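> The structure's right below; bear with me while I get my questions together.
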Amino acid sequence: MIGRHSFELALPGASIGAVAGAMAGGLTLLAGQPTGMAALSALALAAPLALFGGMYGVLLGHGVFRPGTFGPVGLYWMAAFPLSRLLQESVAGIGMADGVPLFLAYQAMISLGFAIGFLWMHERLMPHWLVRVAGGNPVASELLEQYVRYAQMMQTRKGARR
């Protein structure tokens, strides 16, 4: 039962990561790479991004992250995104001309942009998903309550500014 609960929490983040990786494969195709190379590139990035995206959802559900915060999520993706890209380059790339340390440093800088997009999508999808699964998943129910409290707090702040 607990495995199912974690899987349900992981699904939105894993989906976002998989779609982001697949889109990267599409960009590889647009860059003129052969179809097979683009498919391999997409899979090699989609798999780790889906894994890390799913792990984010599970960690969120278990209180490691809080809804509406960017700092910890940015740090999480600052490690996870470069590792995902390193795996992609190892499997489908042509090598890293400047070496691994510079490649990882550059990917860490880019990761913050990815983290913003990931968090934006996750914050829009996760509450709707939690409404669907909260009835049979106590962890999702508790996380949904956190999202509701966060939304109420933001509404109160917005009302105070008016």
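Read the figures in this text as sums done on the coordinates, not as results from a lab. Keep in mind it's a predicted model, so treat the numbers as computed, not measured. Here the Cβ is made from the backbone with ideal geometry for all residues, glycine too, and neighbour counts use every protein chain on show.
> Using a/c under 1.5 as the rounded threshold, could you call region 35-105 rounded, prolate or oblate? The axes a ≥ b ≥ c are square roots of the C-alpha gyration tensor eigenvalues, and prolate needs a/b larger than b/c, oblate otherwise. Could you put the intermediate results ahead of the total?
Working: a/c = 3.76, a/b = 1.74, b/c = 2.16.
Taking the square roots of the gyration eigenvalues as a ≥ b ≥ c, region 35-105 is oblate.
> Quick check: the angle from helix 35-61's long axis to the longest principal axis of the chain, C-alpha only, nearest 10 degrees?
Between the helix axis and the principal axis of the chain, the angle is about 30 degrees.
> If packing is taken as the mean number of other Cβ atoms within 10 Å per residue, what is the order of 69-82, 149-162, 42-55, highest first?
Output ranking for 69-82, 149-162, 42-55: 42-55, 69-82, 149-162.
> Using θ = phi - 60° and the Karplus form 6.51 cos²θ - 1.76 cosθ + 1.60, what ³J(HN,Hα) does each residue of region 99-105 get, whole Hz, x for Gly and Pro?
With coefficients 6.51, -1.76 and 1.60, one gets x, 5, x, 5, 4, 5, 5 Hz.
> Quick one: order His62, His122, His5, His128 by neighbouring beta-carbon count within 10 Å, fewest to most. Each step should come with its number before you reach the end.
On the way: His62 13, His122 23, His5 18, His128 9.
Ordered from fewest to most neighbouring Cβ atoms within 10 Å, His62, His122, His5, His128 come out as His128, His62, His5, His122.
> Let me ask something additional. Residue by residue through region 128-141, what is 3J(HN,Hα) from phi via Karplus (6.51 cos²θ - 1.76 cosθ + 1.60, θ = phi - 60°)? Round to whole Hz and write x for glycine and proline.
5, 5, 5, 4, 5, 9, 5, x, x, 9, x, 5, 5, 4
> Right, another one. Rounding to the nearest 10 and keeping the result within 0 to 90°, find how far the Cα-based axis of helix 2-30 lies from the longest principal axis of the chain.
Helix 2-30 and the main axis of the chain meet at about 40 degrees.
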